[in-house]
1. Of all residues in segment B:335-351, count the ones that are part of a strand (DSSP E or B) and under 15 Å from residue B:111 (Cβ atoms).
2. May I ask you to list the residues in segment B:251-301 that are touching a helix residue (DSSP H, G or I) at 6+ places or on another chain (Cβ under 8 Å), under 29 Å from residue B:322 (Cα atoms) and modelled with pLDDT under 50?
3. Within segment B:501-529, which residues are farther than 25 Å from residue B:428 by Cβ and either aromatic (Phe, Trp, Tyr) or more than 14 Å from chain A (Cβ to nearest Cβ) (or both)?
4. Of everything in segment A:69-98, what is basic (Lys, Arg) and surrounded by fewer than 22 Cβ atoms within 10 Å (Cβ to Cβ)? Give them in sequence order.
5. In segment B:38-51, which residues are more than 12 Å from chain A (Cβ to nearest Cβ) and either open to solvent by less than 40 Å² (accessible area, probe 1.4 Å) or in contact with a helix residue (DSSP H, G or I) (Cβ under 9 Å, 6 or more places away or on another chain) (or both)?
6. When you go through (1) buried (at least 20 other Cβ atoms within 10 Å of the Cβ); (2) assigned to a loop (DSSP other than H, G, I, E, B) one by one for residue A:263, which number turns out not to apply?
7. Select from segment A:99-133 the residues that are more than 27 Å from residue A:37 (Cβ to Cβ) and open to solvent by less than 20 Å² (accessible area, probe 1.4 Å) and list them in ascending order.
8. What are the residue pairs meeting all of these: first residue in segment B:449-466, first residue under 12 Å from residue B:495 (Cα atoms), second residue β-branched (Val, Ile, Thr), Cβ atoms under 6 Å, and 6 or more apart or on different chains?
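The values are calculated or read from the model by the stated rules, or taken from the named source; none is laboratory data. The model shown is predicted, which means the values in this text are computed figures rather than measured ones. Every residue, glycine as well, gets a Cβ built from its backbone with ideal geometry; the counts of neighbours run over all protein chains shown. Remember, those area values only see protein heavy atoms, side chains included, never the ligands or the DNA or RNA. Shrake-Rupley method; radii C 1.70, N 1.55, O 1.52, S 1.80 Å.
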Amino acid sequence: MQSVAQYGKFVVRAIAAGIHNEFQLKSPFDKAKEPLHLVTGTSGFSKSVSKSNQFSKWTFGDDAYFISRNKVADVLGVADGVGGWRNYGIDPSSFPRSLMMACERMVRTGHFVPQSPANIIAAGYSEMLEQKVLTLGSSTACVVSLHREERTIYSANLGDSGFLVVRDGEIVHRSTEQQHYFNTPYQLAMAPPSGDGLWLSDSPDVAETSSFKVQDGDILMLATDGLFDNLSEDMIVRTLESLHSTKEEEKIQSAACSIAEHAYKLSLDPDYMSPFALSACDIGIDLRGGKPDDITCIVARVTHQSDIFL
Amino acid sequence: MARSPEEFNELHAHILRSVKHYTTMQSKGDVSPVANYLIRLEGQDVTDFSSQYGSESSISYVASNLAGKPCVFPSYGDYTQTCVFRTYGPWWKKAPSGTKRYNGTPSEFVSEDFIEISFSESLYPVRLEVYETYNPGAIVRILACDRAGGTDTDSGQTLWVTLWKYKPKPCPQEPRIFAPHLKRIQFTTNLIRLELNHHFLDYYTELDGIKLIGTKMPPESCTDTYQPAMSNDADIDNDIENLEDLLTDHNTEDTCLADRLTPLNIKSSESCLFTILPKEIIHLILSYLDIKDLCRLAQTCRNLKMHCYDPYLYQDLNLQPFWTQISSSRLLLIANKCQRLQRLNLSWVGKGGHMNENHFKMFLKECCLELQTLELSCCNFVGSNVLDDVISICSNLIELNLHSCTHIEDFSSFKKWPLPKLKRLNLYRTKIDYTSLSSVIRASCDLEHLNLGSCQLLNSSINLVLMDLGTYSKKLKSLDLWRMKSLTEDALSHIYLSCHLLEELDIGWCVDIKSERDCYINLAKNCKYLKKIFLTANRTVRDIDLRMIALHCPLLEQLDILGTREVTREAIVFVLESCRNLILLDVSFCLGISSSDVCSWRAAFPLVTIKKSFQNVSVT
């Protein structure tokens, strides 16, 4: 999936350069140290629309996400539930939803360190153990927090969800995916107490962490593998770069929608050589077409905090 | 009480009056830039509390959830986002570890738990809204702290004023915004204290949030008719206030009521007919009075005063109901009456008045050398030094309660003075460390009741603690290990292999215990006197465990198996049929146990109270 994405990089850089210069002129110098925040939009698709399980906030099929803010940081997260639990009569969406809800509460109540999103995942996971109803299941998790004053994003990623930062039409920072083997990502799990070792269960400590200085105009996209497996990176970058010059939440939201919709359409196309199919071919599996999966996509534009009030 | 239309009308009228007041002030030229409008604040910080259901480091079921926006209301059910206390109903009092009530406790004092919450601004409170989202009706008293006025603590000025209080009573099970009529106060406050009684609750009460509504300027300047006449207003003023007046010796020469009632033909030496009664009978009669009435009675006549101040009446002294007024200087004032003191309850004391460490030490030396029971629950004045004084002076203590004494940083005094006669020790939510605790356990071979719930520093060494208990505390009757997360089944074996007299075991939320190695079966086989077993959230409890408990523990009264996934209906029916003494069974969140099962069991076993808590839709 990563290898495919490299192709479009140089083309996009050329296109975006012009817009960037124009924007630079508009930005007054004194804004360079101002706190930043995120303007966000979210979209997604459930793999099986007809399933008609009750609509829940913050979920698309077996995916879940959260967006939360407090005084010091904006925090985003996505989690992709492992579908295999359905065979055991367990709703695969309940674990990621519960995990994201716990993370959201950690942030909202201020029980977190913005510089350490891995701790948000770990705390959210241990919070799930504090619930009277044990939520069984497993999921990947990716949490990104923007420290407003430090103008830096800190990330933690466990599994094959991920995020990328686009600046000037170019991917300047991204997560790497963690897999045990093909199509089997690292995952947090809560197995039945009497269960045996059949379930993969990784510790929150193995999450990959990173930090990256961001600036006004950077676009951040957080998504589950349903998106990255179907959209190549240059497709993503092409949609996102249009957001560079806008701060309007509506436009950011519509970009999130069009990316998710694009991925959803391609995922149903049997002849499309998706990034998923390409990486399958790389390891010798003959596969064509998109990968039908739940898709969740959060798009966030890094903006000066003072601009919220404009 | 909640949101009656009249109340809203009153509020509305109040706002109108506020506005009117502002305009009149302006026309008078009284320069006041701020209108006396109503300000509505959410709770900002929970500053102190007596107990909580959740873990210390968690955000689920913890006291601090009372702060911030209510997020569950108007849903009703058992949700992690709320503030939950440690007990409900009469069950904890009925358990083997339950303690008896003190003689002379005023009957109107019913508070069992408290929580204090601060607000971002100081206001004259007009209204207080408490969002109760599960089992409402626990709040029995609301107090406001006068921080500005109460700095001179020894002047006798009261720091805390009761805004509202009521007797506990059963409440309908539905979500509500509880907004009682508050007593008007003449100071601004940004610290509110709720006191709770859980007796009538069907299950844990859950508080979702609290809002303070008030004004920046004294409300009486704009209106004095807002407060509707309340039947229990008078009670508030008759509160246990001005205890000092009562406790200090008054000159009763002029007001000898009994003397005046005495017929003239009786000589003054036998001045009062009442005193013809034998001393023992008078004592027996007086022993039915609470401390407040005793003090009042003492002011009526010299003879009665002599009887009322007899130290034998003050063997049990419960000062917890008077926590708003007790300071160390006042303790010294009553020291002469406390020469026979055996049980002393100073729980919650130290917030209403200043507790000087030296004065407290003097009091201990004067009155507490033979003290058997000392309760210091939630006393913030008890730090390492005070603890050192207490256990060095009161070396004969049989019961010591340090429940939620979070200000003791260092328990090493226990190494010097290990209290050999100790039978009951409560260290819930304290920072007790293994080596200090170990000294106590090794010295006190009579230890019967030990509460180590939520002792965070013990978590890593809890297995060593249990090994010590198994070696030295053969008489152990009750053991509370609530939320000792690292407790293992191996450690538990030290208890059941040695402490055969065990009657009560609370290992709720000890989530590392695995049943596969038959620890519960061995527990049941070895401890046949068990009356209370709390296995809350021990997810691995199986049918065979329950069956063995039912077979081997015929005295079982209380059983909690919340949150296990493995137990079937048949095993629970077996327990219900086998344990004839069972009074409480909690099967909340047990997979495979439906509400209809519980309903039919309730009908078939009417003597057993069966609990099944619930959550409806997910709340965010």
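1. Within segment B:335-351, the subset part of a strand (DSSP E or B) is B:343-345.
If we keep only those that are under 15 Å from residue B:111 (Cβ atoms) as well, we get B:345.
Number of matching residues: 1.
2. Result: B:252, B:253, B:256, B:258.
3. So in segment B:501-529, the residues farther than 25 Å from residue B:428 by Cβ come out as B:514-518, B:521-522, B:524-526, B:528.
Once the filter is applied, which keeps residues that are farther than 25 Å from residue B:428 by Cβ and either aromatic (Phe, Trp, Tyr) or more than 14 Å from chain A (Cβ to nearest Cβ) (or both), segment B:501-529 yields B:521, B:522, B:524, B:525, B:526, B:528.
4. The first filter runs over segment A:69-98 and keeps only residues basic (Lys, Arg), leaving A:69, A:71, A:86, A:97.
Answer for segment A:69-98, where residues must be basic (Lys, Arg) and surrounded by fewer than 22 Cβ atoms within 10 Å (Cβ to Cβ): A:69, A:71, A:86.
5. Scanning segment B:38-51 gives B:38, B:39, B:41, B:43, B:48, B:49, B:50, B:51.
6. All conditions pass for residue A:263, except number (2).
7. Hits for segment A:99-133 are A:128, A:130, A:132.
8. Hits for this filter: B:466/B:495.
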